[in-house]
Amino acid sequence: MGTGSHRSMGPRGPGGVPIFRAALAWAICGFLLAGCESLNDLNDSLKESGVWPFNADETAEAAEGASGAGDEPVTAGAGDEVALDAALVDKVQTQLAGLGYQPGPVDGAMGPKTRAAIRRYQVVVGLPVDGRITESFLARLEESAEAGPPAQAVAEAESLAEAEIGISPAALQPAPAYDAGTRYVYADGEVRKVLKVDGARVYWESNKNGQYVAYDNFLIPPLSWVSSETSGKRTVDIAPGAFWPQEGGRELALSATTMVEHRSRPDSRSELNESWRCRDYGAARLSLRAGVFQTRKLVCDGASEPDGAHLQRVWHYAPEIGHYVQFEEIDGAQGVSRRSELVAIVPSTEKWPPAARAGLGWALEHALETAAPGEETDWTSSAIDIRVSITPGPRAASDENGACRNYAQTWSGPEGSRVYPGLACRQPDGQWLIPGLGADVEVAEGAD
C-alpha cells in the first residue's frame with residue numbers, strides 16, 4: 001500500500017472549525033470540568049417529545065444500563081441507525097429532494113444539508129427528530145415518496161409542525177457530532193478523547209478528569225462520571241417539547257438531581273438539585289488561535305440547592321462543524337470566571353494502515369511548511385476511502401511553542417464531510433506539534 005498522494009490547489013474560502021467541551025458538574029466536582037458518566041432516569045415526557053437532540057428510541061432501561069461507578073467505561077446498547085452506504089444515502093437524498101426538503105446535491109454523501117433535510121422531514125411526519133436514517137425512517141419515507149406530496153403540501157405541513165412545537169423545521173441547527181477516537185485539545189492542557197458514541201450519548205475520557213458520559217447536546221450537564229476523587233450520577237428532567245434553544249425563541253429549561261460519592265470515603269454521599277435555563281443570544285464571529293469561526297452564543301444560567309450557588313455558562317458553538325470553540329463559566333458568588341479555548345481537533349487514524357497514516361503526516365507537514373495561506377493541499381490513499389484537504393492559515397508570531405500556524409483538515413468519505421481545525425507549532429528540530437498534545441501533528445493518532 002502506498003503512502004498516498006497529494007496536490008496543491010488555489011486559495012479557497014475559509015472553512016469552519018469544530019469544538020467541544022461538555023458542561024460538567026460544577027458544584028459537585030469542585031472544578032470546572034469534572035468528568036461525568038451516565039443516565040439514571042429520564043422523564044417520560046422527554047422520550048415522548050422526540051425532538052433533537054434526544055433519541056426517542058432510547059429507554060430508561062437502556063440508559064440505566066449505561067450507568068456505573070466503576071473505573072471502566074460503561075457500556076450501552078447500540079442505536080438503531082442502519083448501516084450507511086453511498087447507494088442508500090443517494091436514494092434517501094433523491095426521495096427527500098422529490099418531496100421538496102432540499103437535501104443538497106444528490107451525491108450519496110451524508111453531509112449537513114442532508115441531515116438537516118432529514119430533521120425537517122421528521123418534524124413534519126412526527127418521527128423522532130434526530131437526523132438519523134433508521135428502519136422506521138426509511139419505511140415512512142418510502143410511503144411519502146410513493147404518495148409524492150407537492151411542495152405546497154410540504155410547506156403547509158411544516159407550518160403546522162411549527163405551530164405545534166413552536167419552531168420552524170428549517171431553523172433546526174445541525175446537532176453536535178462526534179466520532180469514536182477523535183481527540184479534542186484545549187489551551188489549558190486538557191485532552192479529551194471520544195471512547196464511543198451510542199445514539200445521543202457520548203462516552204469520554206479526559207487526561208485530567210477521568211471518564212464520563214454526556215449527551216451530544218453539551219448544554220445538558222453530564223449524566224455520570226468516575227474521576228480519581230469522586231463518582232456520581234445525574235437524573236435529568238426536561239419539559240415536554242424541550243429542544244435546542246433558538247435565537248429570539250423558546251428557551252431550553254431543565255432540572256437535575258445529582259448523587260455524588262467520594263472515592264476515599266465510600267460511605268459519604270451528597271445530593272445536589274440543579275435548575276438551568278438556556279438561551280440563544282445570536283451569531284458571533286470569533287477569531288481564535290485555531291482559526292476564525294462563525295458561532296452561536298449559547299448561555300445557560302443555573303442555580304443549585306442546598307448550597308445556593310449561581311453559575312452562568314457560555315458556549316460559542318460552531319454549527320457547521322458540530323462543536324463549540326470557546327467555553328466560559330462564571331461564578332457570580334465568588335466573582336470567578338474561567339475560560340477554555342479549543343486548540344485542535346485530531347481525528348482518529350488508529351485503524352489505518354501505517355503507510356496511510358505516514359502519508360497523511362507527510363501531507364500535513366508539507367502543507368504547513370510550504371503552502372500559502374488559504375492554499376489547499378489534497379491527499380488521498382489507495383488504502384482508505386477518505387479524501388483529505390488541508391488548508392493552512394497565515395503564519396503567526398513565534399511563542400514558547402515555536403512558530404505557529406492554524407489549519408483546517410476537511411475529511412470527505414462515504415458518510416459525508418467533516419472539518420477539523422487545529423493549531424500547530426514548528427519546533428527548532430523541524431517537528432510540527434499541537435500545543436498540549438505532545439505528539440507530531442503529522443502522525444495524529446498512533447503517536448501517543
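The values are calculated or read from the model by the stated rules, or taken from the named source; none is laboratory data. The structure displayed is predicted, hence computed values, not measured ones. Cβ: placed from backbone, ideal geometry, glycine included. Neighbour counts: every protein chain shown.
Residue 302: on the phi > 0 side of the Ramachandran plot and in contact (Cβ under 8 Å) with a residue 12 or more places away in the chain, yes or no?
no
Within the stretch 318-332, is there a residue that is among the hydrophobic types (A, V, I, L, M, F, W, C), surrounded by fewer than 18 Cβ atoms within 10 Å (Cβ to Cβ) and assigned to a strand (DSSP E or B)? Even if it seems obvious, please write down each step before you answer.
Residues of the stretch 318-332 among the hydrophobic types (A, V, I, L, M, F, W, C): 318, 321, 325, 327, 330.
Among the residues that remain, those that are also surrounded by fewer than 18 Cβ atoms within 10 Å (Cβ to Cβ) are: 330.
Keeping just the survivors that are assigned to a strand (DSSP E or B) gives 330.
Yes, some residue in the stretch 318-332 is among the hydrophobic types (A, V, I, L, M, F, W, C), surrounded by fewer than 18 Cβ atoms within 10 Å (Cβ to Cβ) and assigned to a strand (DSSP E or B).
If I ask for residues that are hydroxyl-bearing (Ser, Thr, Tyr) and in contact with a Phe, Trp or Tyr (Cβ under 8 Å, 6 or more places away or on another chain), which ones from the stretch 117-141 would you list?
Hit for the stretch 117-141 is 121, nothing else.
Just wondering, is there one or more residues in the stretch 134-145 that are under 23 Å from residue 215 (Cβ atoms), at pLDDT 70 or above, surrounded by 15 or more Cβ atoms within 10 Å (Cβ to Cβ) and not assigned by TED's automatic domain parsing to the domain that holds residue 194?
Scanning the stretch 134-145 turns up at least one residue that is under 23 Å from residue 215 (Cβ atoms), at pLDDT 70 or above, surrounded by 15 or more Cβ atoms within 10 Å (Cβ to Cβ) and not assigned by TED's automatic domain parsing to the domain that holds residue 194.
Return the residue satisfying two criteria in turn: it lies in the stretch 333-363 and is surrounded by 16 or more Cβ atoms within 10 Å (Cβ to Cβ) and among the β-branched types (Val, Ile, Thr), and of such residues it is nearest to residue 436 (Cα to Cα).
343
Out of all the residues in the stretch 219-251, which are modelled with pLDDT under 85, in a strand (DSSP E or B) and closer than 21 Å to residue 311 by Cα?
238
Might you let me know whether the stretch 339-362 holds any residue that is without any contact (Cβ under 8 Å) to a residue 60 or more places away in the chain, part of a loop (DSSP other than H, G, I, E, B) and in the same structural domain as residue 244 (by TED's automatic domain parsing)?
no
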